[in-house]
């Protein structure tokens, strides 16, 4: 399995509204749906739909949401034997509000994801044989993330870490095991303590994060694009221009596209371009995993933009 994802599985409860409500305000929504999500599962689906063999390790509850979450992964060919069904707690859920402008607010109640621990890392370890990349996120406990990153690093597996939802404490021991750190501009600002809003400030943040031990930093700047700093090079890749209707899983799509390019042996610049493309495509569709593009759609999208540039 070229990609192993160690992370969260949530059921997303999504309400669409004309605008996001103010604190204390009640407004009428236009639609509601439940859809499989969780940053870990989303990224696994993003990679798998791009044709990369993918395996998931994590936890769900022994409930109907847990069954649906596993079925959704299996439907796109993801190996789920590493997902434990935890009978002592509910599956994770995310309560999401999406405005007509594509903006969103999210409340995560992580349930079984919060019980991921050293025993899950023990189940992960033998699966690293033959894996090219391990993908990590912040919807499971940091102690498990750090142990998994160190285990993968020691096994010679590339570690990709999307630090969302961000936390800023106790990261010094994690960073040296991270090959690719993939924050968005808000997360990068929280990690470094100053505002990040353009390629120049992204470069400053990337330098600060690299000095803390990360190998390569890719900062997602939303509709602007993405900035990348590695030990060998730095560059900015503009975003693809699309009409965004739902940005809920765009960051996860970016991670999946980026990881797919890395395990296919493509250049770092290509990987950032793939991330931008996958994120842009996801923003044109509603939902999380349902918004991830298949390889044929993805390749056509890239080819069309490349032809426009010629």
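The values are calculated or read from the model by the stated rules, or taken from the named source; none is laboratory data. Given the structure is predicted, the values throughout are model-derived calculations rather than measurements. Glycine also receives a Cβ, built like all others from the backbone with ideal geometry; neighbour counts cover every protein chain displayed.
Going by the conditions given, is residue 43 under 19 Å from residue 287 (Cα atoms), in contact with a helix residue (DSSP H, G or I) (Cβ under 9 Å, 6 or more places away or on another chain) and touching a residue at least 60 places away in the same chain (Cβ under 8 Å)?
Numbers: under 19 Å from residue 287 (Cα atoms): yes; in contact with a helix residue (DSSP H, G or I) (Cβ under 9 Å, 6 or more places away or on another chain): yes; touching a residue at least 60 places away in the same chain (Cβ under 8 Å): yes.
For residue 43, the condition - under 19 Å from residue 287 (Cα atoms), in contact with a helix residue (DSSP H, G or I) (Cβ under 9 Å, 6 or more places away or on another chain) and touching a residue at least 60 places away in the same chain (Cβ under 8 Å) - is met.
So, of the residues in the stretch 102-130 that are free of Cβ contacts under 8 Å to residues at least 24 places away in the same chain and in contact with a strand residue (DSSP E or B) (Cβ under 8 Å, 6 or more places away or on another chain), which turns out to be surrounded by the fewest Cβ atoms within 10 Å (Cβ to Cβ)?
Result: 107.
If I filter the stretch 215-229 for residues that are surrounded by fewer than 17 Cβ atoms within 10 Å (Cβ to Cβ) and part of a loop (DSSP other than H, G, I, E, B), do I get at least one hit?
No.
Within the stretch 156-168, is there a residue that is crowded, with 20+ Cβ neighbours inside 10 Å, in contact (Cβ under 8 Å) with a residue 24 or more places away in the chain and farther than 24 Å from residue 275 by Cα?
Within the stretch 156-168, none of the residues are crowded, with 20+ Cβ neighbours inside 10 Å, in contact (Cβ under 8 Å) with a residue 24 or more places away in the chain and farther than 24 Å from residue 275 by Cα.
So residue 202 fits all but one of (1) surrounded by fewer than 19 Cβ atoms within 10 Å (Cβ to Cβ); (2) more than 18 Å from the chain's Cα centre (by Cα); (3) more than 15 Å from residue 57 (Cβ to Cβ); what number is the exception?
Going through (1) surrounded by fewer than 19 Cβ atoms within 10 Å (Cβ to Cβ); (2) more than 18 Å from the chain's Cα centre (by Cα); (3) more than 15 Å from residue 57 (Cβ to Cβ) one by one, residue 202 breaks only (1).
Taking the criterion of being under 30 Å from residue 71 (Cβ atoms) and under 14 Å from the mean Cα position of the chain (by Cα), would at least one residue in the stretch 261-271 satisfy it? Break it down stepwise before answering.
Taking the stretch 261-271 as the starting set, the residues that turn out to be under 30 Å from residue 71 (Cβ atoms) are 261-264.
If we keep only those that are under 14 Å from the mean Cα position of the chain (by Cα) as well, we get none.
No; the residues of the stretch 261-271 include none that is under 30 Å from residue 71 (Cβ atoms) and under 14 Å from the mean Cα position of the chain (by Cα).
Against the definition (outside any strand (DSSP E or B) and closer than 29 Å to residue 156 by Cα), how does residue 74 come out, yes or no?
Criteria met by residue 74.
Quick check on the stretch 247-267. Is at least one of its residues on the phi > 0 side of the Ramachandran plot and outside any loop (DSSP other than H, G, I, E, B)?
Scanning the stretch 247-267 turns up no residue that is on the phi > 0 side of the Ramachandran plot and outside any loop (DSSP other than H, G, I, E, B).
Is it the case, given these coordinates, that residue 78 is crowded, with 21+ Cβ neighbours inside 10 Å, touching a residue at least 12 places away in the same chain (Cβ under 8 Å), within 18 Å of the chain's Cα centre (by Cα) and farther than 14 Å from residue 10 by Cα?
In short, yes.
For the stretch 2-19, name all the residues that are assigned to a strand (DSSP E or B) and over 14 Å from residue 134 (Cα atoms).
Passing the criteria: 10, 11, 12, 13, 14, 15, 16, 17.
Go through the stretch 292-310 and report how many residues are closer than 24 Å to residue 227 by Cβ, touching a residue at least 24 places away in the same chain (Cβ under 8 Å) and assigned to a helix (DSSP H, G or I).
4
Can you confirm whether residue 244 is in a helix (DSSP H, G or I) and either touching a helix residue (DSSP H, G or I) at 6+ places or on another chain (Cβ under 9 Å) or under 26 Å from residue 52 (Cα atoms) (or both)? Outline the logic, then answer.
Values: in a helix (DSSP H, G or I): no; either touching a helix residue (DSSP H, G or I) at 6+ places or on another chain (Cβ under 9 Å) or under 26 Å from residue 52 (Cα atoms) (or both): yes.
No.
Just one of the numbered conditions (1) over 24 Å from residue 239 (Cβ atoms); (2) out of contact with any helix residue (DSSP H, G or I) (no Cβ under 8 Å at 6 or more places or on another chain); (3) part of a helix (DSSP H, G or I) is not true of residue 186; which one?
Just one mismatch for residue 186, condition (1).
Could you check, for the stretch 247-270, whether at least one of its residues is touching a helix residue (DSSP H, G or I) at 6+ places or on another chain (Cβ under 7 Å), more than 23 Å from residue 55 (Cα to Cα) and either modelled with pLDDT under 95 or buried (at least 24 other Cβ atoms within 10 Å of the Cβ) (or both)?
yes
Testing residue 248 on (1) touching a residue at least 40 places away in the same chain (Cβ under 8 Å); (2) within 21 Å of residue 178 (Cβ to Cβ), one condition comes back false. Which one is that?
(2)
How many residues, within the stretch 286-310, are in contact with a helix residue (DSSP H, G or I) (Cβ under 7 Å, 6 or more places away or on another chain) and modelled with pLDDT under 90?
Residues meeting the conditions: 1.
Output the residues belonging to the stretch 25-53 that are out of contact with any strand residue (DSSP E or B) (no Cβ under 8 Å at 6 or more places or on another chain) and surrounded by fewer than 23 Cβ atoms within 10 Å (Cβ to Cβ).
Answer for the stretch 25-53, where residues must be out of contact with any strand residue (DSSP E or B) (no Cβ under 8 Å at 6 or more places or on another chain) and surrounded by fewer than 23 Cβ atoms within 10 Å (Cβ to Cβ): 25, 26, 51.
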